[in-house]
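The values are calculated or read from the model by the stated rules, or taken from the named source; none is laboratory data. Since the model is a prediction, treat every value here as computed from it, not as a measurement. Note that each Cβ is placed from the backbone with ideal geometry, even for glycine, and that neighbours are counted across all protein chains shown.
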Amino acid sequence: EPEVTQTPSHQVTQMGQEVILRCVPISNHLYFYWYRQILGQKVEFLVSFYNNEISEKSEIFDDQFSVERPDGSNFTLKIRSTKLEDSAMYFCASSESSGGHYEQYFGPGTRLTVT
Amino acid sequence: QKEVEQDPGPLSVPEGAIVSLNCTYSNSAFQYFMWYRQYSRKGPELLMYTYSSGNKEDGRFTAQVDKSSKYISLFIRDSQPSDSATYLCAMILSGGYNKLIFGAGTRLAVHP
């Protein structure tokens with residue numbers, strides 16, 4: 001069964017450093033998303049991406065964040081200058097283009113620890 | 001008032017019990033409703049997806065949406081220890097760009 005994959009599973013970085021979180025969505029899906037979950041809190045929407053551009057972003061997704069689809073398979077989230085409060089699980093999700101495009105399938109997540 | 005409210009539990013039931021999990025919401029523009037299951041430190045796994053009001057059944061799982069009451073439910077029949085997880089409700093606004101709004105999740109423990 002096709003699935004969303006994410007790398008790395010765990011990333012430790014120092015405050016102020018840049019990190020790139022990587023995702024490979026399900027191959028026939030055209031909508032891509034990033035969510036995050038701070039430990040013990042709700043899953044929160046960060047950004048949605050379609051047709052090589054951001055379709056919606058939350059207030060969390062400020063100028064330190066960016067997303068990119070550098071090739072036909074990868075979808076990345078870059079955090080330019082990490083802060084302690086960026087420590088969280090980051091989930092990538094994807095959905096297909098028609099009919100069931102509201103059904104979002106999540107990857108296993110990347111645990112980001114900022115020290 | 002929070003957009004989506006969900007009792008965090010924990011909910012502890014014996015194996016074989018019928019489990020009822022619920023969410024309420026405040027915005028009547030929510031149109032699409034999902035239930036996800038999340039095991040500890042894993043990604044949410046889609047269980048059920050319903051559009052507007054009504055029931056949907058899939059094996060031991062039944063999802064109900066009551067838009068007039070702004071209330072959704074997930075029922076699990078013949079619960080198993082492997083059902084022990086956190087259950088998240090999530091919703092999408094009509095006309096939205098597929099942004100999922102999640103509840104806090106209900107932690108369920110099914111004991112043998």
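Only residues that are among the hydrophobic types (A, V, I, L, M, F, W, C) and out of contact with any Gly (no Cβ under 8 Å at 6 or more places or on another chain): list them for the range B:3-28, please.
Our first condition is that a residue be among the hydrophobic types (A, V, I, L, M, F, W, C); within the range B:3-28, this holds for B:4, B:11, B:13, B:17-19, B:21, B:23.
Across the range B:3-28, the qualifying residues are B:11, B:13, B:17, B:18, B:19, B:21.
Candidates are the residues of the range B:65-93 that are more than 11 Å from every other protein chain (Cβ to nearest Cβ) and small (Gly, Ala, Ser); the one that is nearest to residue B:26 (Cα to Cα) is B:69. Out of B:70, B:2, one residue alone is over 14 Å from the mean Cα position of the chain (by Cα) and either modelled with pLDDT of 95 or more or farther than 30 Å from residue A:25 by Cα (or both). It is B:2.
For the range B:37-112, the strands (runs of 3 or more DSSP E) that sit wholly inside it and include 3 or more residues that are buried (at least 17 other Cβ atoms within 10 Å of the Cβ) are B:45-51, B:61-66, B:71-76, B:85-93, B:106-111. When A:60, A:54 are checked against the criterion of being outside any loop (DSSP other than H, G, I, E, B) and surrounded by fewer than 19 Cβ atoms within 10 Å (Cβ to Cβ), a single residue qualifies: A:54. As an exercise: evaluate residue A:31 against (1) under 30 Å from residue B:10 (Cβ atoms); (2) in a strand (DSSP E or B); (3) within 12 Å of chain B (Cβ to nearest Cβ) and give the number of the one condition it does not meet. It fails just one condition, (1).
The single condition among (1) in contact (Cβ under 8 Å) with a residue 24 or more places away in the chain; (2) surrounded by 13 or more Cβ atoms within 10 Å (Cβ to Cβ); (3) within 29 Å of residue A:54 (Cα to Cα); (4) touching an Asp or Glu at 6+ places or on another chain (Cβ under 9 Å) that residue B:26 does not meet is (2).
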